Amino acid sequence: MIVQVKDISCRFGDITALDAVSLDVAKGDVVCIIGPSGSGKSTLLRCLNALEDIESGEIIIDGMNVDRRHRQIHQIRLEIGMVFQHFNLFPHLNVLRNVNLAQQVVRNRGKAEATQISLELLAKVGLADKMDQYPGQLSGGQKQRVAIARALAMNPKVMLFDEATSALDPEMIGEVLEVMRRLASEGMTMLVVTHEIGFAREVADRIVFLDNGKIIESGPPADLLVNPQQTRTKEFLAKVL
């Protein structure tokens, strides 16, 4: 298993965000995480990237223990790409520089090598012609595709998507989901927090339903979406399908 989440809990003051959550993900699998707002979905992804502390339990990604206090945490994070709901692009840098920057600063790549990689990835997400534009000149869907290219440029072993389409206008959602479909078809290991149930049905190897910080049910889309076993899962799906 490339991702092992072992009985983790995370609290913010008196609020339990994650309660004894365990999850294994095999290399190349796509796991979609669904659930109501406030269920702990985004917190789970942030814990996987050590952006939040866990109170107990253990997270192992590709054999490395993920702990923000680990002396090699920055090296560990290099193996984990993350795409957020909001794009977090640098507004004063053009598209090419946005994708180049971390490669040069963190991966220590020369400008020529970083630029070559960036151009290949921008072509992959359909934005090669936008390399000289600035984020303020792009649509929301284009910004998110730049953010995906930037994350991929670091050669991560696992990609985390935290509601990557929820801030987009409806007509822009499809272009981002298409890039994610292509990554899935190429064998990228992906954990995807999403409200796009149709996307989860089509692409996921497994869907995990999270509520009140606990995994209520998980299984292949054909099972969980068609014949959920838990009452809470049935209630949630009745509102979103």
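Inside the range 187-217, residues that are over 21 Å from CYS10 (Cα atoms) and open to solvent by 30 Å² or more (accessible area, probe 1.4 Å) make up a count of 9.
Residues in the range 107-132 that are outside any helix (DSSP H, G or I) and either open to solvent by 50 Å² or more (accessible area, probe 1.4 Å) or touching a residue at least 60 places away in the same chain (Cβ under 8 Å) (or both): ARG107, ASN108, MET131, ASP132.
Annotation note: Cβ proximity below 9 Å between a residue of the range 41-70 that is free of Cβ contacts under 8 Å to residues at least 40 places away in the same chain and on the phi > 0 side of the Ramachandran plot and a residue that is open to solvent by 60 Å² or more (accessible area, probe 1.4 Å) and not charged (D, E, K, R) (sequence gap 6+ or interchain) occurs for ALA50/HIS70.
Exactly one residue out of VAL158, VAL106 is of a type outside the set (S, T, N, Q) and either at pLDDT 90 or above or in contact with a Ser or Thr (Cβ under 8 Å, 6 or more places away or on another chain) (or both), and it is VAL158.
Please go through the range 27-80 and give me each residue that is surrounded by fewer than 15 Cβ atoms within 10 Å (Cβ to Cβ) and either in contact with a helix residue (DSSP H, G or I) (Cβ under 7 Å, 6 or more places away or on another chain) or in a strand (DSSP E or B) (or both), ordered by number. Within the range 27-80, SER56, GLU58, ASN65, HIS70 meet the criteria.
Could you please find all residues in the range 191-241 being of a type outside the set (Val, Ile, Thr), touching a helix residue (DSSP H, G or I) at 6+ places or on another chain (Cβ under 6 Å), touching a residue at least 40 places away in the same chain (Cβ under 8 Å) and in a strand (DSSP E or B)? Passing the criteria: PHE209, LEU210, ASP211.
The values are calculated or read from the model by the stated rules, or taken from the named source; none is laboratory data. Given the structure is predicted, the values throughout are model-derived calculations rather than measurements. For neighbour counting, all protein chains shown are included, and Cβ atoms are generated from backbone atoms with ideal geometry for every residue, glycine included. Areas reflect the complete protein model, heavy atoms only, side chains present, ligands, DNA and RNA absent. Shrake-Rupley method; radii C 1.70, N 1.55, O 1.52, S 1.80 Å.
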